[in-house]
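Down below is the structure, laid out as structure tokens.
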Amino acid sequence: MTCLRLSLLALLALLLVAWSAGAAPAADPVRLDADLRARLAALAPLGARTYDPAPGPVTLVTFFASWCPPCREEFRHLNKLRTATDAKDLTIVAINILEDWEGLSNPAKLKRFLKQTKPDFITLKGDDAIAQTFENVTRIPTVFVFDRDGRKTTHFVHKYKARKMSLTYDELLAAVRPLF
């Protein structure tokens, strides 16, 4: 009986090693490094503000679309956060993606959304490539906070049918304030 157990354990160990060797490596978490900052700077601005690729402040990046109700609420919180923090300490960047999902939007609707929400921060037109770079963003709003060294410190994703649709102002402030 002992030989049978050892044989089964050996077989299990071999299967585990074979499986793990063929498994895809875990994706590295996104970093706001020089390359990613340059890619953000290359995105078309949706307002008067452009993204400065120089390293420096804590950076909050969020993904949004004009048809997204939680995004409207989030913009209100981000405007309040912008007022409560110094621009030298915090850069806020909102990237528009999934805008034409299921035909829910058009350029006029995006323009109206921006006029109504009056973002006091950088807004950029994103694409599938930038969404992929940020750990394959497929849900909005999705928020990332990066410290001054470009390390991700906070990641929020609005999950399908979740009760929590976006981060509150207090949660956003708590995520960025210790990083100043």
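Values in this text are rule-based calculations from the coordinates and carry no lab data. Just so you know, these numbers come straight off a predicted model, no measurement behind them. No Cβ is skipped: glycine too gets one built from the backbone with ideal geometry, and neighbour counts run over all protein chains shown.
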>> If you average the C-alpha positions of the range 136-171 and of the range 41-103 separately, how far apart do those two centres end up, in angstrom?
In response: 12
>> On a straight-distance basis, which aspartates and glutamates could pair with Lys109 in a cross-link, Cα separation under 16 angstrom, same-chain partners fewer than 8 positions away excluded?
In response: Glu99, Asp100
>> Please give the charge dipole size of the range 26-179, origin at the Cα centre, charges +1 on K and R Cβ atoms and -1 on D and E Cβ atoms. Round to the nearest 20 debye.
In response: 560
> Tell me, what is the FRET efficiency for Lys111 and Phe180 to the nearest 0.05, using R0 = 30 angstrom and their Cβ-Cβ distance as r?
Replying inline: 0.35
> Separation between the Lys125 and Arg31 pseudo-spin-labels, each 7 Å from Cα along Cα→Cβ, expressed in nm?
Replying inline: 3.2
>> Using the Cα centre of the range 26-179 as origin and beta-carbon charges of +1 (Lys, Arg) and -1 (Asp, Glu), tell me which of Val137, Tyr169, Pro57 is placed farthest towards the positive end of the dipole.
In response: Tyr169
>> Cut-off 20 Å, label point 7 angstrom out along Cα-to-Cβ of Gln132: give me the residues of the range 74-109 whose amide nitrogen falls inside.
In response: 95-102
